[in-house]
Amino acid sequence: MGQQRITRAECVHVAALARLELTDEELDRFTGQLDELLDHVAEVEALDLEALAPTMHPLLFPNPLRPDTPGEVLNRDEVLDQAPYVEDGQFRVPPVLGEAP
Amino acid sequence: MSADLHDVPGLGTPADTEWETVVGLEVHAELATATKLFSASPNRFGGDPNTHIDPVSLGLPGSLPVINEEAVNLAIRVGLALNCQVQTSVFARKHYFYPDMPKNFQISQYDHPINVDGWLELPSGKRIGIERAHLEEDTGKTAHVGGGGRIHEAGYSLVDYNRAGVPLIEIVGGPDLRSAEEARQYVTELRAILVAVGASDGKMEEGSLRVDCNVSVRPEGTNRLGTRCEIKNVNSLRSMGRAIDYEARRQIDLLTSGQLVEQQTRHWNEDEGRTHALRSKEEDYDYRYFPEPDLLPLVISDHKVAQIQNELPPLPQDLRRNLAKAAPSVDADLIGLIVERGLYDLALAAFDQTSGNLRAIKRLRNHFAHDLAGGHGSLLAKALIDLVNMEEAGDLTATQAKKVLAVLVESGGSPQDAAQELGFEAMDTGELESLVDSLIAEHAEEWSRFCDGDGKLTGFFVGQVMRATQGRADGKVVTQLLNSRRG
Amino acid sequence: MTALEIATAVRSGKRSARSVVDEYLGAIAEGDDDIHAFNMVTAAEARTRADEIDGAVAAGQDPGPLAGVPVALKDNLCTRGVATTCSSRILEGWEPPYDAHVVEQLHNAGAVVVGKTNMDEFAMGSSTENSAFGPTRNPCDLSRVPGGSSGGSAAAVAAGFAPVALGSDTGGSIRQPAALCGVVGVKPTYGRVSRYGLVAFASSLDQIGPIATTVADAATVLDVIGFTDPRDQTNRLPDPKQVSDTLSDGVNGLRVGVLTELSGNGIAPDVAARLQVAVGALESAGADVAKVSVPSAIYGLSAYYVIAPAEASSNLARFDGVRYGLRVDGSSTSDMNTATRSVGFGDEVKRRIMIGTYALSAGYYDAYYGKAQKVRTLIINDFNRVWYGDKFDLLLSPTSPTTAFSLGARTADPMSMYMSDVCTVPVNLTGQAAMSVPYGVGDDGLPVGVQVMAPVQGEPVMFRAAKVLEDSL
């Protein structure tokens, strides 16, 4: 294996972005495993990709749009029945720290 | 560090430096569709919480977005009205965790927005650049419970997803505005355009129009832009103006005292009249944009663009131009107001029928324009002219005329009929004279003070007359009677 | 009995749907404790549905081409009012308020859902060992894995718990377990089958497809589920052709290429040997078989293990403890989200979310995600040269480099597990169709699968070749 491609500190940062809390053992293990994968993935650096456009979708079709006609809505009780915590017809969550961006 | 500091416009300049405020606005407008951007539940304001939801707008596992054609059409209309290029666009996912965002990503447009490179012309004739106007979905709403509803002291929060998925157009203007007043003109004009093309109701109070302000300052005459701050939570034109003025002042104070402006997102606090930092650039979100794999690129044919362009209704700037041509004697401010209030058709017809007489329109502005923010309803130009003539002839008092006008706007018809139905017969002068005399006798003390020249007592007596006649008396005539009796 | 035989018997009134369903439910009750193909068996609902079908037949109606056919559904397909878990703690107990498109289509064709099958959590894995509810075992040898991620569906069909099943295939998740369990598995052209109601793993790669004991059964199921659905904007193939009609048209005159990059290095000799036998069978049936090179195919894994995790990290962001599924409390919403996700997701899912989040994060997008999408273009270009330049009709390779491996053999080393997908990921990147046909056994007596690959919309020809292979055994 060549140089380290992802550090433990970067893994800590990535976990926070993804809202995951990893134990020390998980962090050590994942750092090594991610590094190994990224090292394998680096094989594509040998390819000349300069002139190629990225593929976002495997196939491109004509894109028919949806007519602006109201359809069925979900039954609120059926939906809220699945929720972990409900109050007054709404989803209840612990305090939210900070505004939305 | 020190080399960099040379580049900061205005840092450490003397207190008497002339400063220029630079403002660029990002406006979010809810599009007036029947359904949401990516699903068929209704796009309707209010309603019981969580009743306008479907698997897509709730982000349920397995759900997939499908683009609403009308939202696309409205976005193109806005783009064309703002002189933009309409292009093939790509939806992208913008990631951040927030409970009112059901998928914890927002489907927006990133490096390929549907509209780019346009401009908006202010009534003054100045052009403001439009960098882009793109489609995206709205979030739900989070209500903070406990702690007086303040976010930091709340005990918990409740989430309603009725608004989630409502189509928005985000219009990003260039840093071309130079004052709070220009910013106000820009938003006013933009709102008029959105309403004119039928894209949005433009109601800032209901949150269907939302404005974020990018504010920076620099010494007059410099070309480089200063470090900007983004101001959020301005909920009215008035608070936007206050927030921009406050923020510019704050930045000038920092720079003149030798401190740097930090690039930040700041929150406008209406009650305290100040902004405070939400987060710095370093703390900014890593949104991890990437092309939305569930949606294909949105290709718009030239034919469709041409068709929408042809169907575009006249825009406020066109109306202003027409009106100025039809009625050259009217000043630009009044023309601006007429167009802004949706009184264009009425005004044009009134000019026509009175050979350019401005009385009718001035009446409208002076007495009624505020009530006609939503347009003139069933009111016809002829009825308006008749109404003004009746008022000037003394057949109706100002108060009565206002009530008649309300009827005409509501249900049309002639002012004569409406006045009769409301019981607004002009009062017999003799009847009025005897009423005034009896009131003078009743309020001898006030009358003597009035005769000694206490002008405030005029209002007292007119008020008494009005109360006794339930508003039927003409205030001007009453004043004349009072004066004639003082001798 | 095959699905077609069951449907024929039920439609003609020779056999009741109820007796068919009871028979299969009996087999599940007897055998699934050992195999653990199912997360949930919907016995009561299945019997009710079977009685409905019998009622329809009695009333002179035709319940459809899958009348009375028991079907097992991978547990990432939404079923209204029936738990859909993706074999994850985070979704345990979630009952969707709607049916997936394919579930509606099966229902309309007279099929009877008998249960939801085990899988690698959120379809991430190649052995069905990454299930929060324990692994599935290979019915051919209980010490071996059934492959994955649709291991429960493949095992259910191989064990005779259902004649047909649905799986999902993001990088081989239908074909590889089908190969390891000795059944037929189909990954249709991307966009042929609506993904509405499939809990997404990687949206630009996912496709639902059938698993069956015979090629004809697989064809019938594909024809039933492959209808255009306006709820999936990527489900827009122009005029998809039915595959059942031309199933027996043979391969005479077809040009078939053996894809050298996926058939030599790293392929177990006994597996390679079976591929050679298959080549002979196709030649005997009149096909023109030649070796063909798709040089970039070997880079498929590298592109796949960036693109799939990147999309997954985004698709799985919605599991946050707010609206459905598991919640682990915290003092703030942010803490609650983190606690829920940390407890609710298993090791492999966390690993892939980490990879994907990293690959999309500021400063790394171009190096990883952007580059992987260009590799994808390169692979598509290379395949298109073979299809449209060299005029090949089909390509062949093994489905899996080896036969079924032992439970636990690759769990400690993710890279070795990822290598299981080397033959299957390229067509997910290109959107092409491919299927695995069981073709005898390896030295260990375990099934070997041959992969038949076709260009976009090439299903009819692909099924013809699969039928020839099946008949040659």
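Report, as a whole number in µm² per second, the diffusion coefficient that Stokes-Einstein gives for the protein assembly as shown at 10 °C and 1.306 mPa s using the Kirkwood radius over alpha carbon pairs. Let's see the in-between values first.
Numbers: Rh = 33.0 Å.
Answer from the Stokes-Einstein relation: 48 µm²/s.
Nearest 20 debye, what's the magnitude of the dipole of the protein assembly as shown about its Cα centre given +1 on Lys and Arg Cβ and -1 on Asp and Glu Cβ?
1080
What's the ranking of C:47-60, A:82-95 by average number of surrounding C-beta atoms within 10 Å, highest first?
Numbers: C:47-60: 16.3, A:82-95: 18.6.
Answer by packing, highest mean first, reads A:82-95, C:47-60.
Restricting to the protein assembly as shown, what percent of DSSP beta bridges are antiparallel, rounded to 5? Don't skip to the end; give the middle numbers.
On the way: 90 of 111 bridges.
Just about 80 percent of them are antiparallel.
Between the helical axis of B:456-469 and the dominant principal axis of chain B, each derived from Cα atoms, what acute angle in degrees is found, rounded to the nearest 10?
For B:456-469 against chain B, the angle is about 80 degrees.
Please give the average number of partner chain Cβ atoms lying within 10 Å of the Cβ of each residue in A:39-45, rounded to a whole number.
Values: counts 1, 6, 14, 4, 5, 11, 3.
Other-chain Cβ atoms within 10 Å of each residue's Cβ, averaged: 6.
Pairs to check: B:Lys103/C:Lys74; B:Lys103/C:Lys187; B:Lys36/C:Lys350; B:Lys36/C:Lys74. Give those whose C-alpha atoms are more than 25 Å from each other in this structure.
As for pairs spanning more than 25 Å Cα to Cα, those are B:Lys103/C:Lys187; B:Lys36/C:Lys350; B:Lys36/C:Lys74.
Using a 1.4 Å probe, how large is the accessible area of B:Arg472, given in Å² and rounded to the nearest 10?
We get 80 Å² for B:Arg472.
Buried accessible area between A and C (1.4 Å probe, both chains summed, ligands and nucleic acids excluded), in Å² to the nearest 100? Display every interim value, and only then the final one.
Numbers: alone 10030 and 16790 Å², together 21550 Å².
For A against C, buried area totals roughly 5300 Å².
With the solvent-accessible surface defined on protein heavy atoms using a 1.4 Å probe, which residues belonging to the range B:56-91 display a reduction of at least 30 Å² in accessible area in the multichain context relative to the isolated chain?
So the qualifying set is B:Leu58, B:Leu60, B:Pro61, B:Gly62, B:Leu64, B:Val66, B:Ile67, B:Glu69.
Report, as an integer, the average count of C-beta atoms from other chains found within 10 Å of each Cβ along C:328-336. Each step should come with its number before you reach the end.
Working: counts 1, 3, 3, 3, 8, 13, 11, 5, 7.
Partner-chain Cβ atoms within 10 Å, mean over residues of C:328-336: 6.
Accessible area lost on pairing C with B, both sides, 1.4 Å probe, Å² to nearest 100?
2700
Rounded if a/c is under 1.5, else prolate if a/b beats b/c, else oblate: with a ≥ b ≥ c from the C-alpha gyration tensor eigenvalues square-rooted, which is chain B? If you can, show how the numbers build up before the last one.
Numbers: a/c = 2.03, a/b = 1.67, b/c = 1.21.
In terms of gyration-tensor shape, prolate.
Roughly how many Å² is the accessible area per residue of the range C:209-301, as a whole number, for a 1.4 Å probe? Numbers along the way, then the final one.
Numbers: 3520 Å² over 93 residues.
Counting only protein heavy atoms, the per-residue value for the range C:209-301 is 38 Å².
Counting heavy atoms of the protein chains only and a 1.4 Å probe, report the per residue accessible area for the range B:429-486 as a whole number of Å². Can you show the working numbers first?
Details: 3310 Å² over 58 residues.
Solvent-accessible surface per residue comes out at 57 Å².
On average, how much accessible surface per residue is there in the range B:1-159, in Å², for a 1.4 Å probe, leaving out ligands, DNA and RNA?
Numbers: 5410 Å² over 159 residues.
Normalised by residue count, the accessible surface of the range B:1-159 is 34 Å².
Beyond 19 Å, what share of the Cα-Cα pairs of the range B:281-360 remains, rounded to the nearest whole percent?
59
Using only the heavy atoms of the protein chains and a 1.4 Å probe, how would C:Arg80, B:Arg93 rank by accessible area, largest first? Don't skip to the answer; put the middle values down first.
On the way: C:Arg80 130, B:Arg93 0 Å².
Solvent-accessible surface, decreasing: C:Arg80, B:Arg93.
In terms of the Cα gyration tensor, with a ≥ b ≥ c the square roots of its eigenvalues, is the range B:283-326 rounded because a/c is under 1.5, prolate because a/b exceeds b/c, or oblate?
Working: a/c = 7.38, a/b = 1.86, b/c = 3.98.
Taking the square roots of the gyration eigenvalues as a ≥ b ≥ c, the range B:283-326 is oblate.
For B:Lys456, B:Lys232, give the ranking by accessible area with the largest first, probe 1.4 Å. Mind showing how you got there, number by number?
Working: B:Lys456 170, B:Lys232 35 Å².
Sorted by accessible area, descending: B:Lys456, B:Lys232.
Which of C:Pro398, C:Val103, A:Thr23 sits closest to the plus end of the dipole of the protein assembly as shown, meaning its Cα is farthest towards the positive end, when Lys and Arg get +1 and Asp and Glu get -1 on the C-beta?
Highest projection toward the positive end goes to C:Pro398.
Of the accessible area of the protein assembly as shown, with the probe set at 1.4 angstrom, what percent is carbon plus sulfur?
On the way: 19290 of 39500 Å².
That fraction is 49 percent.
Note down the accessible area of B:Glu270, probe 1.4 Å, to the nearest 10 Å².
70
Which of rounded, prolate or oblate describes chain A when judged by the alpha-carbon gyration tensor and an a/c cut-off of 1.5?
Numbers: a/c = 3.31, a/b = 1.35, b/c = 2.46.
Because a/c hits 1.5 or more and a/b fails to exceed b/c, chain A counts as oblate.
What figure in square angstrom, to the nearest 10, would you give for the accessible area of C:Cys423 with a 1.4 Å probe?
0
On a 1.4 Å probe surface of the protein chains, which of B:His28, A:His40, A:His13 comes out largest in accessible area, and what is the full order?
Details: B:His28 30, A:His40 55, A:His13 105 Å².
Solvent-accessible surface, decreasing: A:His13, A:His40, B:His28.
Just the number, please: Stokes-Einstein D of the range B:429-486 in µm²/s, Kirkwood Rh from C-alpha pairs, 25 °C, 0.890 mPa s.
Values: Rh = 11.1 Å.
Once the numbers are plugged in, D ends up at 220 µm²/s.
Cβ neighbours within 10 Å, averaged per peptide: list C:228-238, C:163-173, B:406-416, B:161-171 in order, most packed at the top. Could the numbers behind the result be given before it?
Details: C:228-238: 19.5, C:163-173: 30.6, B:406-416: 17.0, B:161-171: 25.6.
Ranking, from highest mean packing down: C:163-173, B:161-171, C:228-238, B:406-416.
What fraction of the DSSP beta bridges in chain C is antiparallel, stated in percent and rounded to the nearest 5? Before the final figure, lay out each step's value.
On the way: 29 of 45 bridges.
Among the beta bridges of chain C, antiparallel pairing accounts for roughly 65 percent.
Average partner chain C-beta neighbours within 10 Å, per residue of C:361-371?
Details: counts 9, 7, 1, 6, 3, 1, 5, 5, 4, 3, 8.
Whole-number average of other-chain Cβ neighbours for C:361-371 is 5.
How much accessible area is lost when chains B and A come together, counting both sides, with a 1.4 Å probe, in Å² rounded to the nearest 100?
On the way: alone 24110 and 10030 Å², together 30190 Å².
About 3900 Å² of accessible surface is lost on pairing.
Run the simple label-point estimate for B:Asn322 and B:Gln259 please: 7 Å along Cα→C-beta, distance reported in nm.
Inter-label distance under the simple model: 5.3 nm.
The values are calculated or read from the model by the stated rules, or taken from the named source; none is laboratory data. Predicted model, so just to flag it, every value in this text is computed and none were measured. Neighbour counts are summed over all protein chains in view; Cβ atoms, including those assigned to glycine, are modelled from backbone coordinates with ideal geometry. To get the accessible areas, we keep the full protein, side chains included, count just its heavy atoms, and leave off ligands, DNA and RNA. Shrake-Rupley method; radii C 1.70, N 1.55, O 1.52, S 1.80 Å.
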